[in-house]
Amino acid sequence: MPTVRLTTRGVNAIKKPKTGRVEYWDTVITGLGLRVSETGRKSWVVMYRNQGRLRRMTLGTYPKKSLATARNEAGDILGRASGGKDPAAEKNAERKAGTFSELADLYLEKYAKGESYSKWEQDGSEGTAPEPNKRSWPSDKEMIDHDLKPAWGFRKSNAIIRADVNRIINIIVERGAPIQANRVLGLTRKIYSWGISTDRVAMQVNPCHEIKKPTKERIRDRVLDAAEIKTFWPMSGDNVKITEPLRIALRLTLATAQRPGEVIGLPWAELDEDWQTALEPFWTIPGTRTKNKVAHRVPLSPMAVDLIKQAKKLSKGSDFAFPSPRGGKPVRVTSHTHALTRSGHFGVSRFSPHDLRRTAATHMTGPHCKVSRFILERVLNHTDQTVTGRHYDLYEYDDEKRHALNAWASRLAQVIEGKDQDSKVVPFHA
């Protein structure tokens, strides 16, 4: 354990040991040391005594943290230690979340969004947004705000037990949302797994341990038939509770066969500049918003353009086709589902917004539109996993996709207007 007067030049000149690590202790600030490992990593450490026990803290790495900065921080720590405080314990306590609300916020910031995305948000959302760790973080946030914080927000994060989790899951099931209960259970499990593994919460056992999902989930196969589409499309009735923008968003999901989250998050910047007048306009969804992270060009049928024009009139100058009432961002992804539930699914059997995408896909390959499954895959932006698709066939199939979506728009118009269900589909042209 050499003791030397550390200098910047001297620190730079220190060679890594062949094995293990060596610590060099400063003669200027007694207690400050530089640890050098066999990998060449150089780390600042400070040692002090608290109630007779020798304590050690790591301050950071060199050269990211300079000698001068390390001396200042070490001096502050040693001063607090001489006054009877334990800086290492204080630092550890700061890392832990006191309340569940604090733990959930840390989970969103550090894990779901990630450091880069959170910093981008804090800096005023300027420039290109970095990729968040979880694209579904808005859904996590909504469950936290709607289901978890109201029940546990101000409780100690390490005081939540299995009975608390079961209670909140049962409440969600009783309100008729068993799938949502599965989602909330999974999120709670993840929050505590992350909190325990990163030492953000002082617990040894996850409170979700051995709790099973309240309902079994099956592969979805719900498809609306022509009669159901005709009943659903007006979205009217005495008990209907839905805003006009959400009506348009649901119709646009059915008309374009795109994912509900992509539709409801549509910013005007993704549309061609002349989308309102062009004969063949496109909506280009960037890879940052698609499930497979591949940019996707969606040909807009005249029906889709008409729906987007309706949204434009209601958007009140927002950057988004379906803006949130809070402003500055699109409406929440789950608003679709909540509107369907509140409105009794508009008089047809229960379905989800994603079922509208499946409905469009199924009708496109049906006897009226006769779109091939290969072209349907391009419309849906499903990844082609074949060697040819991944490496050789770089054709975009824009014309074929447009023909498919125009054929579907024509068929959809026939269904909505209640025309002969067996009539031949004539492609929809402007």
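Please treat every number below as a calculation from the coordinates, not as lab data. None of the values given here were measured: they were computed from a predicted structure. Every residue, glycine as well, gets a Cβ built from its backbone with ideal geometry; the counts of neighbours run over all protein chains shown.
Amide H contacts of residue 59: 44, 45, 46, each under 5 Å away and 5 or more positions distant or on a separate chain (H built 1.01 Å from N in the peptide plane; Pro and chain starts excluded).
Remark: relative contact order (the chain) = 11 percent; criterion is Cα-Cα distance under 8 angstrom and separation of 6 or more residues.
Quick one: Cα centre-to-centre distance for segment 59-92 and segment 3-24, in angstrom? Using only Cα atoms to place each centre, the spacing works out to 19 Å. Among the listed options (i) 102, 51, 34; (ii) 92, 51, 43; (iii) 58, 47, 41, the one matching Cα extents along the principal axes in Å as calculated from these coordinates is (ii). Farthest toward the positive end of the dipole of the chain, out of 161, 304, 287, is the Cα of 161, where the dipole comes from beta carbon charges about the Cα centre. Shown here: segment 3-94, whose C-alpha atoms stretch 37, 24, 23 Å along the first, second and third principal axes, sorted largest to smallest. Residues 157, 301, 139, arranged from fewest to most other Cβ atoms within 10 angstrom of their Cβ, appear as 139, 157, 301.
Are any of the pairs 65/119; 134/313; 241/291; 190/241 more than 27 Å apart by Cα-Cα distance, and if so, which? Display every interim value, and only then the final one.
Working: 65/119 21 Å; 134/313 33 Å; 241/291 30 Å; 190/241 33 Å.
Correct reply: 134/313; 241/291; 190/241.
Around the amide H of residue 114, modelled in the peptide plane, lie the amide H atoms of 133, all under 5 Å away and 5 or more residues distant in sequence or on another chain.
Applying the criteria of a DSSP loop state and at most 10 other Cβ atoms within 10 Å to the chymotrypsin sites (Phe, Trp or Tyr not before Pro) of segment 197-277 yields no site.
Which loop-located GluC sites (Glu not before Pro) does segment 236-314 contain, where loop means any DSSP state but H, G, I, E or B and the Cβ has at most 10 other Cβ atoms within 10 Å?
Answer by residue number: 273.
Over all orientations, segment 291-402 has a Cα convex hull whose mean projected area works out to 9.5 square nanometres. Evaluate segment 106-247: find the radius of gyration of its Cα atoms, find its Kirkwood radius, and give the ratio Rg to Rh. Computed over Cα atoms, the ratio is 1.06. Applying 1/(1 + (r/R0)^6) with R0 = 60 Å to the Cβ-Cβ distance of residue 278 and residue 166, what FRET efficiency is obtained, to the nearest 0.05? Approximately 0.60, to the nearest 0.05. Amide H to amide H distances under 5 Å link residue 298 with 283, 284, 285, where only residues 5 or more positions off or on other chains count and H is placed in the peptide plane. Please go through segment 1-101 and write out the chymotrypsin sites (Phe, Trp or Tyr not before Pro) that DSSP classes as loop and that have at most 12 other C-beta atoms within 10 Å. Hits after loop and neighbour filter: nothing returned. Taking the fewest neighbouring Cβ atoms within 10 Å as the starting point, the ordered list for 3, 253 is 3, 253.
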